[in-house]
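The values are calculated or read from the model by the stated rules, or taken from the named source; none is laboratory data. Computed from a predicted model, the values in this text were never measured in an experiment. Every residue, glycine as well, gets a Cβ built from its backbone with ideal geometry; the counts of neighbours run over all protein chains shown.
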Amino acid sequence: MGSVFNDAHHGDDDFDEGLDDGLDNDFADGPDEAPETDDPFVSAAWRAEQVRAMERPLLERGVPLMRMAATAAAHVAQAMLERQPDGPDVADAHVLLLAGAGDNGGDGLFAAAELADQGANVVCAATGRTLHAEGLRALLDAGGRVLALDPEADIPGAAVPDAQDGTDETDGDPLERVMDLYENADLVIDAMTGIGLKGALRGIPAQLAERIGADRIDPRSPALPVSEPAAQYPMVLAVDVPSGVGVDDGTLPGTYIPADVTVSFGALKPCALLPPAAYACGQVVLVDFGFDTSRVPVAVELVSAAETRRHIRLPRLADNKYARGVVGLITGSDAYPGAAVLSASAAARANAGMVRYLGPERAERMVLDRLPEAVFGEGRCQAWVVGSGIPDGDHADVDSPQREAIRRLLEPYAVGEANWPEPESLLNIGLDDLPESFEDLMAMLAPTYEGGQESLPPVVVDAGALDLLPERVPPQVVITPHAGELARLLRSRGQAVDADDVERDPLGCALEAWRLTGATVLLKGAITVVVGSDGPDKPRVVVNGNAPAWLSTAGSGDVLAGSLGALLAQAAADEDRSLTLKMADLAAAGAFIHGLAGQLASGSGQAARPPVVVYDEDRDRLAEAMAPTSEKLRDATPFAPIGKPILAGDVIAQLPNVYALFASMNLSEWN
Ligand SMILES: NC(=O)C1=CN([C@@H]2O[C@H](COP(=O)(O)OP(=O)(O)OC[C@H]3O[C@@H](n4cnc5c(N)ncnc54)[C@H](O)[C@@H]3O)[C@@H](O)[C@H]2O)[C@@H](O)CC1
Ligand SMILES: Nc1ncnc2c1ncn2[C@@H]1O[C@H](COP(=O)(O)OP(=O)(O)O)[C@@H](O)[C@H]1O
Ligand SMILES: [K+]
């Protein structure tokens, strides 16, 4: 099975095959119609305290979770060694275990004991004053050695740094000894801290992470598909979570050890899905303990193919172009007319019935040249896209008619403001040099507003329109900032944040923007974070991670805005559906479609959050599931696994293929 995108659902084989077909541009044969499981297990994450609550009933029933976790970790370690073309057999492998005093260390000790039982040379560096007693005994019995790093440690059977008994491990500075072991190891098992981490790493774990972690991070290294054989030893296997990452919020509060593979127990934690911590997790292998997740609200969700498909509207027998959804765009400007072409073309190719464009004459002409189907006149729109390619208030000399039109368009969305405009007032924009099309715009807005605020169509507020957002808006307003734009928006609401702060804590900042504005927030990045409303004062957090790094190219954001507008128009075209509580999922589905188009365009198997692998007790199946992307895609595309550079227009060209893939899946389920 070769998945080219981040569909995390196990049991989606048919769909994956459909996508492989997509790389060959062969949509002739739809996949077999098999019922699709829509199991949230691999696409949902729960916070540490929620995981503990789900573990409790199993532990009370005496289920040996730690032993199950350790066996899984040992199997994953073996698979990592085996996939190295010239790697050592387990029996010849040098394994360095970094073990903390908690149960995370316990998992690591039992796992390392299983490897030592098979002959591996295992040294455990104990970072705390104690070790899990039974785990320690198991490792010592299996022939592993233990080096205590803390001078105050009380660990029976361990070499202690100040003992001066002449054993190799105790000569010199213990941290240097660990670094020597590190440099000669084939595999490091990081079991210093798991879900019990409090704040940033301190003490010996912090020092170790600083030495080892710093050595392993190179932001200049290319974005490769997952699990290609490691260029250099040692590989790192993180137990449950990489030590040092913010388990619940996805931040990197201090030093940490990035992993090649993270073996995660029972359920994903938010750090596996949220940037920037998710980048430190590498390939994630999830071990199913059979938790009852049904009564525990999901903290963070990864948008899936199955979820995205739910928001797509297939043409119906009695459709006309209006019924399929009309997208209105106020995008592009004299300064950036190309953004008009990109956003309008993306909307037109993403399953909308029609596109209405409003902008300066030059941009209008360019849109018409490239998109003769676009219309410029009066009429109703089921969704709007505003701001892409329009200079913001700091960069526009005078408020342009376009900005004025956007301001007027957004005015009725202002929550709790007394100045709910009379429809007629919308017609009086008060600018002498207003192009004809803007008068048309005002005329076409008027009928939309008759049903009150709830009936307002969804609107994507992008780029230069972000500073025109009313103070508070309803959830059908989606804002699509990148980190710099979100920082600016938050600053305008009195928060002292810059772009770096947003990149350090994307979830926290997106939540703050959601709280302050009420808008559905889509924060763009390699992993895109969406926060929307899940009921009064209740956020819903959904992320997308299928985008290949090739997608960061000029105009890519304009394509996202346009195609998201088309998705919203499709959803809004079904008038019986209220979109308020669906906006986070819709926005994330828009990001998924954009990312998948980027994958098809670039032919890349790389993704910011690669698919989660479900642990399989069967060793062969586990090895197959963990196999390098290049192997999985070998026959799918000549470009795999890395892909090729793309332009925004290439992404647009793939949007119809993305829709074709969704449309061809499990046809019986469309009824
Ligand atoms: N509870 C369970 O039933 C299961 C737990 N499992 C494992 O147990 C782990 C949780 O175990 P624990 O609750 O013992 O917690 P951890 O082992 O994750 O963390 C506690 C240890 O980390 C140290 N620590 C905490 N904050 C630190 C900081 N800021 N700087 C340096 N050291 C710090 C503590 O001193 C302690 O030694 C999970 O992540 C998982 O690996 C698994 O065995 C599966 C079953
Ligand atoms: N490293 C990356 N990997 C994958 N996708 C990315 C990466 N960086 C940015 N993106 C995506 O590319 C798009 C860039 O949008 P934006 O910043 O608005 O660019 P532009 O203004 O040039 O259109 C967003 O959809 C974002 O999620
Ligand atoms: K760990």
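Condition test on ALA561, is it crowded, with 19+ Cβ neighbours inside 10 Å and in the same structural domain as VAL385 (by TED's automatic domain parsing)?
yes
So which residues in the stretch 319-349 are within 20 Å of ARG362 (Cβ to Cβ) and out of contact with any strand residue (DSSP E or B) (no Cβ under 7 Å at 6 or more places or on another chain)?
GLY332, SER333, ASP334, ALA335, TYR336, PRO337, GLY338, ALA339, VAL341, LEU342, SER345, ALA346
Any residue in the stretch 131-143 that is within 16 Å of ligand 1 (Cβ to nearest atom), part of a loop (DSSP other than H, G, I, E, B) and at pLDDT 95 or above?
Among the residues of the stretch 131-143, at least one is within 16 Å of ligand 1 (Cβ to nearest atom), part of a loop (DSSP other than H, G, I, E, B) and at pLDDT 95 or above, which makes the answer yes.
Looking at the structure I just gave you, is GLY196 over 28 Å from GLY87 (Cβ atoms) and at pLDDT below 95?
The answer is no for GLY196.
Considering only residues that are more than 16 Å from ALA278 (Cα to Cα) and within 15 Å of ligand 3 (Cβ to nearest atom), which ones fall in the stretch 203-219?
Scanning the stretch 203-219 gives ILE204, PRO205, ALA206, LEU208, ALA209, ILE212.
Starting from residues that are under 28 Å from the mean Cα position of the chain (by Cα) and within 30 Å of LEU633 (Cβ to Cβ), keep the ones in the stretch 181-212 and report whichever is nearest to ligand 2 (Cβ to nearest atom).
ASP190
Condition first: within 12 Å of ligand 2 (Cβ to nearest atom), more than 22 Å from ASP534 (Cα to Cα) and of a type in the set (A, V, I, L, M, F, W, C). Now tell me which residues in the stretch 458-492 satisfy that.
Result: ALA463, LEU466, ALA483.
Which pairs turn up if I take residues in the stretch 56-68 that are closer than 12 Å to ASP292 by Cβ and look for partners that are loosely packed, with under 11 Cβ neighbours inside 10 Å with beta carbon separation below 8 Å, at least 6 apart in sequence or on another chain?
Note: pairs meeting the criteria are PRO57/ASP292; LEU58/GLY290.
Tell me whether the stretch 456-463 contains one or more residues that are at positive phi and part of a loop (DSSP other than H, G, I, E, B).
The answer is no, given that none of the residues of the stretch 456-463 is at positive phi and part of a loop (DSSP other than H, G, I, E, B).
I need a count of the residues in the stretch 185-213 that are within 12 Å of ligand 1 (Cβ to nearest atom), in contact (Cβ under 8 Å) with a residue 60 or more places away in the chain, surrounded by 17 or more Cβ atoms within 10 Å (Cβ to Cβ) and not acidic (Asp, Glu).
Selection size over the stretch 185-213: 9.
Give the stretch 73-88 a look and list any residue that's in contact (Cβ under 8 Å) with a residue 12 or more places away in the chain and either assigned to a loop (DSSP other than H, G, I, E, B) or among the aliphatic types (A, V, I, L, M) (or both), or say none.
Residues satisfying the conditions are ALA73, ALA74, VAL76, ALA77, ALA79, MET80, LEU81, ARG83, GLN84, PRO85, GLY87, PRO88.
Being crowded, with 24+ Cβ neighbours inside 10 Å and under 20 Å from the mean Cα position of the chain (by Cα) narrows it down to one of ALA487, ALA483, ALA519, ALA499, so name that one.
Answer to the selection: ALA519.
Yes or no, residue by residue, for (1) away from ligand 2 (no atom under 16 Å from the Cβ); (2) among the aliphatic types (A, V, I, L, M); (3) surrounded by fewer than 24 Cβ atoms within 10 Å (Cβ to Cβ); (4) on the phi > 0 side of the Ramachandran plot:
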{"position": "LYS269", "(1), (2), (3), (4)": "yes, no, no, no"}
{"position": "ALA272", "(1), (2), (3), (4)": "yes, yes, no, no"}
{"position": "ALA278", "(1), (2), (3), (4)": "no, yes, no, no"}
{"position": "VAL287", "(1), (2), (3), (4)": "yes, yes, yes, no"}
{"position": "PHE291", "(1), (2), (3), (4)": "yes, no, yes, no"}
{"position": "VAL298", "(1), (2), (3), (4)": "yes, yes, yes, no"}
{"position": "GLU301", "(1), (2), (3), (4)": "yes, no, yes, no"}
{"position": "ALA306", "(1), (2), (3), (4)": "yes, yes, yes, no"}
